[in-house]
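For reference, the structure is listed below as structure tokens.
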Amino acid sequence: MEATPVRARVYVGCVVLGALHCLYVLPTTRVPWWAVALLAALYAVGERLSGSFYPVLLAGAFLLSPPAAALVAVPGALIAPAGGRPQPLRRVWRAAQLVVAVWVAARVHWELGERDAVVASDFPYALVPAAAAVLAFCLVLTVLDGGILALAERRPLRRTWHALFLRSLAPIAVHGLAGLMMAVLWRSAYGPVAALLVLLPMCVSWWAFAQYHREHAAHQATIRALVQAVDIKDGYTRGHSERVGQATMMIARELGLAEERVEVLRFAGILHDVGKLGVPTRLLRKNGPLTPEERRVIELHPEYGHEMVRGIAFLGEARAAVLHHHERLDGSGYPYGLSGTQIPESARVVAVADAFDAMTSTRSYSRARPVPVALRELEKCAGTQFDPRMVTALARAVDLHGWHPAVTADEPAAPAPRPQIAGAPGAPR
């Protein structure tokens, strides 16, 4: 609970009060408790097995009064995996959020189609209140999720709402169609048992999706292992990769890129130096100046890194960033001397993030520069070494969210000089 900002806890409290208000009239309304219990049990089982089991919630919105439909979400949300800490707060938040969303969806459906719309209305006209209810459900989840992310993680509110809505609309629309089929069968002569059959193909698709997520998690574990190996090998820059990933993500969000690309670029920042695993340790830790031959060996690390990650399909454009993050706009970079827009956008983002963290981190061989000084240095090199758009985006992001550089190696009493690669502010390697 202590890790959650006070403003976020207040926000959660307000949503909980809204959820309680949605359920307030339950004792005074006629409720088919057996239907509520059956749907609540189905939703709870679905949440435990796959998560986000929305067809059951939306079927409840089409079948029940708003307060009764909202109650269906409570048991499943309270026992579902929380996905992080503090777990009690997350579970309460999830329950309150779903209560409000389902109540709004049921209310919209009730107002547009009356309670028996799934039985009495003509198709395709019966789809209108159902579609409106699904859209309302999606909008409420988007607004509430965007609010908590903005307060807890300081994300830009409008951009977060836009990304969440676009990402969730299609899946929720599919869930809504399944929920409508459940509701129609439930009210038909075949009864609730036939309605449950709708869930079988959905369960198969969720199982396949879960397999994909497990594979994705395995890739992420591989990435973490590679980064840890680099940190162990080059102790002078321990933590550098993670911070470059964070700076890369800040730039990407400021550029207005889609969240999927933001995540890929974060991976690019994290993995940009993975090729150092192919560089002899004695060169990475050498205290004296590098010879021309040693410099050529170190400058091979982008190509080594690209060879290591090119088989990881989900990295996409991150692979190009690993290969080209030491290219310069004026064509004097390496490994291929690309210039201008020949350099992939992802590499131009990572180059700025890499240089910025190198300048603002305290290491055993150099003191950190103040953030304003580092930003001015990047601006001086904009147009020759760095893409001005990326530099401007980083400056705006730092102005909005701040930057908190960390010590990445133990500081000796008398710092020894370290070699630098010519032309790079702060000599990021």
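The values are calculated or read from the model by the stated rules, or taken from the named source; none is laboratory data. Predicted model, so just to flag it, every value in this text is computed and none were measured. Positions of Cβ are backbone-derived with ideal geometry, glycine not excepted, and every protein chain shown enters the neighbour counts. Accessible surface areas use protein heavy atoms only, side chains included; no ligands, DNA or RNA. Shrake-Rupley method; radii C 1.70, N 1.55, O 1.52, S 1.80 Å.
Brief remarks follow.
- Area accessible to solvent at Ile79, 1.4 Å probe radius, in Å²: 80
- Here the ratio of the Cα radius of gyration of the stretch 250-339 to 2.2 N^0.38 Å is 1.20.
- If R0 is 41 Å, the Cβ-Cβ spacing of Thr291 and Glu260 corresponds to a FRET efficiency of close to 0.40.
- Accessible surface of Lys233 - all protein chains present, 1.4 Å probe, nearest 10 Å²: 40
- Counting only protein chain heavy atoms and rolling a 1.4 Å probe, the accessible areas of Phe267, Phe165 rank, largest first, as Phe165, Phe267.
- A Förster radius of 30 Å, combined with the Cβ-Cβ distance separating Leu78 from Arg396, puts the computed FRET efficiency at roughly 0.15.
- Annotation for Ile312 and His219: the two label points, set 7 Å from Cα along the Cα-Cβ direction, are 0.9 nm apart.
- Cβ-derived FRET efficiency at R0 56 Å, Ala41 paired with Asp330, nearest 0.05: 0.30
- Sequence of Arg253, Arg296 from largest to smallest accessible area, 1.4 Å probe: Arg296, Arg253
- Theoretical gain in end-to-end length, Arg376 to Ala132 [0.36 nm per residue, Cα-Cα removed]: 82.7 nm
- Spacing of the two label points (7 Å from each Cα toward its C-beta) at Trp34 and Leu112, in nm: 3.1
- Among the protein heavy atoms, those of Lys286 account for about 50 Å² of accessible surface (1.4 Å probe, every chain in place).
- Solvent-accessible area, 1.4 Å probe, carbon plus sulfur percent, for the stretch 321-384: 50
- Added length on full extension, which subtracts the Cα-Cα distance from 0.36 nm per residue, Arg367 to Ala229: 47.2 nm
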